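K.L.:
This is the structure I want to talk about, given as structure tokens.
The values are calculated or read from the model by the stated rules, or taken from the named source; none is laboratory data. Note that the structure is a prediction, hence the values are computed from the model and not measured. Counting neighbours? That spans all protein chains shown, and the Cβs are built from the backbone with ideal geometry, glycine included. The area values use the complete protein model at the heavy-atom level, side chains included, leaving out ligands, DNA and RNA. Shrake-Rupley method; radii C 1.70, N 1.55, O 1.52, S 1.80 Å.
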Amino acid sequence: MGVLINGTNTKTQGFALKGRPSIPSANKKIETIEVEGRDGSLTRFLGYEDLKFSLDFNILFQKDIKQKLREIKGIIASASQLSFDDSPTFFYKIKQAQISDTETVIKSSGIFTIDFVCEPYEFEQSNTVTYTSSATIVNRTTTTALPFIKVTGTGTVVLKVNGIGITLTNLTNYIVLDSQIQEAYSGLTTNMNQNMNGEFPIFTIGNNTINWTGTVTKIEITNNWRWLT
């Protein structure tokens, strides 16, 4: 089994996975509240903890192991996505990656460990779909999705996702609603949060309806499907 970091197989960069990986399941964050006079405690679900795991690697066919390790550290420093070549359309979003302190092992055998901290989901690569009329989008995953929605239109537009309205004002071209980072913008630098009134949309499990009023040329949606690990 091979590992892809930022879409590139590590074997082509001089190091390879040692053995099969063991990826844990994400743990729930639960708040427990003791109430006097009540049998048992109250619990509140707060989300999921970061996914933490380690992968062991071999440095491949290198005369200068320490130099290759320097190059690998550069690759890891910019790592943002991790996937496996037996399931290349799914990936983990890396929050932190660190080569463990195994200097003596590296010198003797070329084996090292990378400790990963990832978001607690396995993300599915999503294509962008264009809509020019109302539609139903089906979420077949195991959790909610935080979509990327680009609305091209003018004036005031009311976008409705599952019947919940989002008012977009003073549009002259397009506005992006990025539910993952909770920002509305246009281009690379133009903040448009002031042009949006409402909550960023979420696609729940099952059917999700989308429609709108106002002058809209098209709506482009990247679903950003994700699965609980």
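K.L.:
Among the strands (runs of 3 or more DSSP E) contained in region 52-162, which hold 2 or more residues that are in contact with a helix residue (DSSP H, G or I) (Cβ under 8 Å, 6 or more places away or on another chain), crowded, with 16+ Cβ neighbours inside 10 Å and of a type outside the set (D, E, K, R)?
P.N.:
The strands (runs of 3 or more DSSP E) meeting that bar are 90-99, 111-118.
K.L.:
Pull up region 23-39, narrow it to residues that are at pLDDT 85 or above and assigned to a loop (DSSP other than H, G, I, E, B), then point me to the one that is nearest to the chain's Cα centre (by Cα).
P.N.:
Looking at residues that are at pLDDT 85 or above and assigned to a loop (DSSP other than H, G, I, E, B), I get Ala26.
K.L.:
With the condition kept exactly as written, say whether any residue in region 180-198 is farther than 20 Å from Ser80 by Cβ and touching a helix residue (DSSP H, G or I) at 6+ places or on another chain (Cβ under 6 Å).
P.N.:
Yes; the residues of region 180-198 include at least one that is farther than 20 Å from Ser80 by Cβ and touching a helix residue (DSSP H, G or I) at 6+ places or on another chain (Cβ under 6 Å).
K.L.:
Give me the pairs, please: first residue somewhere in region 161-174 and within 16 Å of Gly198 (Cα to Cα), second residue anywhere and open to solvent by 50 Å² or more (accessible area, probe 1.4 Å) and modelled with pLDDT of 95 or more, beta-carbon distance under 6 Å, and either six or more positions apart or on two chains.
P.N.:
Asn162/Thr209; Thr167/Asn197; Thr169/Thr156; Leu171/Thr154
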